[in-house]
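Take a look at the structure set out below.
None of the figures in this text is laboratory data; all of them are computed from the coordinates on show. These figures come from a predicted structure and were not determined experimentally. Virtual Cβ from ideal backbone geometry, glycine too; neighbours counted across all protein chains shown.
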Amino acid sequence: MTPVNPVGDGTYWTMAAKTDAQWVPVAVSADILAGTVVPARLPTGPIAVWRSATGNLYANGDRCPHRGMRLSHGFVRGETLSCIYHGWRFGTDGACQKIPAHPSVTPPKTINCGPLHVAETNGVVWAAAKEPAEPPQFYPGYEALRSLVIVSTPAAIAAATNATIIDGAIQTTLGGQDAVLLMSPQGPQEVFILVLARPNLNLADRLAVSSALEALRRSAEAVEGAA
Ligand code: FES
């Protein structure tokens, strides 16, 4: 994987589509408590990200292999993820372990909800469909603050910050604080943004960053709307 340097190495990145074997930021780690599952997205489609009772992180395609219910609507029990529709239970390897309607049946290994690769750095959850060659980028001195979706394009977001996209990220100032915006396009007009800020900010500073981010969203959406 190409090394990522958000503070400028002269490599200008144009948000080219990532391969299946590249890390994509999908969630803030703190938003996924032990024993919970949340929906997220890779460029290839929706995923379910879940943290087991012991705190380990997993991700799967967000589609139950039985009748297609979203697994992100399901529930975590111990080290398994269960579908909310008919209760099929999946292990950490994605394999179905139990079919409640047929308790005496051992499910074949072919019933699998598609485990993905996950990692955490800087309080960011990263996912990849195929195993990347390197761990995800680490941003020294930053910690994940929050995420949001902007209905716009990476170019419009860069224009709204008056900054340049470098390796999929923008380094800027929000609310008077240093910030790095990790970007993951979700479609032609939608970008998932995960904001990194300095970890020692007090509440007022965190709120200032968050307010500035909302203002950025409005600005970027206005830029794109006017295009
Ligand atoms: S749709 Fe998931 S168990 Fe039936």
Over the chain, cysteine residues that find no other Cys C-beta under 4.7 Å are 96, 113
Can you compute the FRET efficiency between residue 130 and residue 31 using 1/(1 + (r/R0)^6), with r the Cβ-Cβ distance and R0 = 22 Å? Round to the nearest 0.05. 0.35
Quotient of Cα Rg and 2.2 N^0.38 Å for the range 143-226, N being how many residues it contains: 1.00
Measuring from label point to label point, each 7 Å out along Cα→Cβ, what is the residue 56 to residue 79 span in nm? 0.5
Dimensions of the chain along principal axes (Cα, Å, largest first)? 62, 35, 34
Per-pair calculated FRET efficiency, R0 = 25 Å: residue 149 and residue 173 via Cβ, rounded to 0.05: 0.70
Between residue 218 and residue 105, how high is the FRET efficiency from 1/(1 + (r/R0)^6) when r is the Cβ-Cβ distance and R₀ = 45 Å? Nearest 0.05. 0.25
Mean Cβ-within-10 Å packing, highest first, puts peptides 201-211, 66-76 in the order 66-76, 201-211
Could you give the C-alpha radius of gyration of the range 44-115 expressed as a fraction of 2.2 N^0.38 Å, taking N as the number of residues it contains? 0.99
Separation of the range 165-184 and the range 20-83 by C-alpha centroid, Å? 26
